[in-house]
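The values are calculated or read from the model by the stated rules, or taken from the named source; none is laboratory data. In this text the structure is predicted, and so the values were computed from the model without any measurement. Ideal geometry is used to build each Cβ from the backbone, glycine not excepted, and the neighbour counts take in all protein chains shown. Side chains are part of the model used for accessible areas, which takes the heavy atoms of the whole protein and leaves out ligands, DNA and RNA. Shrake-Rupley method; radii C 1.70, N 1.55, O 1.52, S 1.80 Å.
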Amino acid sequence: MAINGVLRPGHAVLRALDLDESVHFYTEVLGLQETGRDKSGRVYLKAWDERDHNSVVLRQADRAGLDCFGFKVLNDATLNTLEGRLREYGVSTERVPAGDMLETGERVRFQIPTGHLIELYAQKTSVGNGLGDLNPEAWAPNQKGISPLRMDHALIYGGDIDGNRRLFEDVLEFTLVERVKLEDGTTDLATWLTCSNKAHDIAMVRHHEDAKLHHVSFMLETWESVLRAADIMSMNRVSIDMGPTRHGITRGTTIYFFDPSGNRLETFSGGYQWYPDQNPITWTWDEVGRAIYYHDRKLNPAFLSVVT
Amino acid sequence: MPRHRVFIEDTQESFACDEAQSVLLGMEALGRKGIPVGCRNGGCGVCKVEVTSGQYVTRVMSRAHVSAEEEASGRALACRIRPTTDLRLRVLGSMRATVCGDTRASATDAP
Ligand code: FES
Ligand SMILES: [Fe+2]
């Protein structure tokens with residue numbers, strides 16, 4: 001399979017209640033690298049193995065949450081095509097000029113039915129992962145904290161997740177990978193969608209308030225490194241929500257925890273690879289506990305109610 | 001570190017809370033099943049309370065959940081306040097559901 005439309009999640013712009021405290025947390029504890037600060041004070045970060053200049057942007061604000069979630073697309077032609085398709089579909093789009101975000105080209109920004117702002121862009125400066133492209137070493141020696149490989153996906157909460165799914169499927173060519181049904185057996189409580197070969201690139205849960213963030217997730221290499229991440233969280237008294245454990249959905253091993261502004265993050269490893277000939281997996285309401293937390297086999301109250 | 005009594009009016013329970021510790025962490029230490037701990041970092045709003053008497057210090061908390069006016073009138077996120085005297089408080093928001101058995105603001109009213 002070729003991945004040639006939307007490539008992957010490219011940036012999460014997160015709000016911080018206390019920017020200095022957050023930058024310290026994201027660099028020293030989570031172990032991202034700071035790659036720049038812009039005139040408006042936003043701080044740019046990347047995970048060590050990411051090539052592009054940034055994948056997490058922190059903005060000082062008076063409330064927590066997600067400003068927008070961006071996806072990188074193959075090239076400028078793809079960006080133009082997708083923008084055209086969005087408009088045809090009835091979605092109004094806005095072009096944010098190149099350079100508004102550091103080292104980032106023009107972004108096509110639009111609102112999805114759950115109220116979240118999504119961005120597509122084709123250009124972001126490649127700063128490399130520090131290993132070079134010729135005969136590289138296996139990993140970068142100068143890592144701090146948890147040090148995930150990359151920002152991987154987000155789980156968002158809002159009302160019209162059916163509208164979201166149709167938009168992502170029909171316009172952006174995402175595919176449904178897994179879903180959880182409500183008690184009625186027909187309504188989706190949640191869906192997991194992929195634009196690539198991953199088990200999910202974005203997921204969404206039905207919720208009474210729009211534009212909410214459940215978590216932004218970072219990928220680790222092994223289950224061992226998930227345990228090590230939990231150790232680092234305890235050493236730094238990080239607020240942990242759940243884990244280490246495993247999700248039934250996607251089969252990833254996971255920890256949910258909170259940044260200093262109360263935004264939930266995840267560090268995970270594993271899960272399966274998805275191919276376009278796979279049928280979607282359905283979970284029923286009576287098994288939702290095992291679907292979300294495979295070992296506890298029940299939801300914690302925070303899963304459905306604690307969002308930013 | 002000095003400790004202060006925190007009295008929860010809704011349940012008539014009280015607990016000792018270290019000055020260095022947030023009121024929410026003190027409540028967590030009560031070990032009461034069902035205390036709906038959220039982010040513990042002032043962002044999600046589930047731990048909203050109204051302090052009816054006593055002094056405390058605050059840390060920055062999400063304005064999506066506590067406005068400046070509310071903050072001035074004693075409303076706060078329990079995870080962002082530390083007591084400097086004994087406190088009396090009432091539980092607000094989605095935390096009521098599990099602390100007080102109030103179903104009007106259920107913690108799982110989402111889907
Ligand atoms: S627990 Fe989230 S604001 Fe206090
Ligand atoms: Fe996740």
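Overview of results
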| read-out | value |
| --- | --- |
| Check on A:Glu28, in a helix (DSSP H, G or I), within 22 Å of A:Val127 (Cβ to Cβ) and open to solvent by 10 Å² or more (accessible area, probe 1.4 Å) | yes |
| Residue in the stretch A:200-209 that is within 16 Å of ligand 2 (Cβ to nearest atom), on the phi > 0 side of the Ramachandran plot and touching a residue at least 40 places away in the same chain (Cβ under 8 Å) present | no |
| Every residue from the stretch B:35-58 that is within 21 Å of A:Asn263 (Cβ to Cβ), of a type outside the set (A, V, I, L, M) and either in contact (Cβ under 8 Å) with a residue 60 or more places away in the chain or more than 14 Å from chain A (Cβ to nearest Cβ) (or both) | B:Pro36 |
| Residues of the stretch B:59-81 satisfying the condition of being in contact (Cβ under 8 Å) with a residue 24 or more places away in the chain, touching a helix residue (DSSP H, G or I) at 6+ places or on another chain (Cβ under 7 Å) and within 14 Å of chain A (Cβ to nearest Cβ) | B:Ala78, B:Cys79 |
| Verdict on B:Thr85 being surrounded by fewer than 16 Cβ atoms within 10 Å (Cβ to Cβ), assigned to a loop (DSSP other than H, G, I, E, B), among the hydroxyl-bearing types (Ser, Thr, Tyr) and more than 16 Å from ligand 2 (Cβ to nearest atom) | yes |
| Output for the stretch A:38-62, where each listed residue is within 14 Å of chain B (Cβ to nearest Cβ) and surrounded by 18 or more Cβ atoms within 10 Å (Cβ to Cβ) | A:Leu58 |
| Some residue of the stretch B:35-43 being open to solvent by less than 50 Å² (accessible area, probe 1.4 Å), modelled with pLDDT of 95 or more and in a strand (DSSP E or B) | no |
| Within the stretch A:186-199, tally of residues that are in contact (Cβ under 8 Å) with a residue 60 or more places away in the chain, open to solvent by 10 Å² or more (accessible area, probe 1.4 Å) and within 13 Å of chain B (Cβ to nearest Cβ) | 0 |
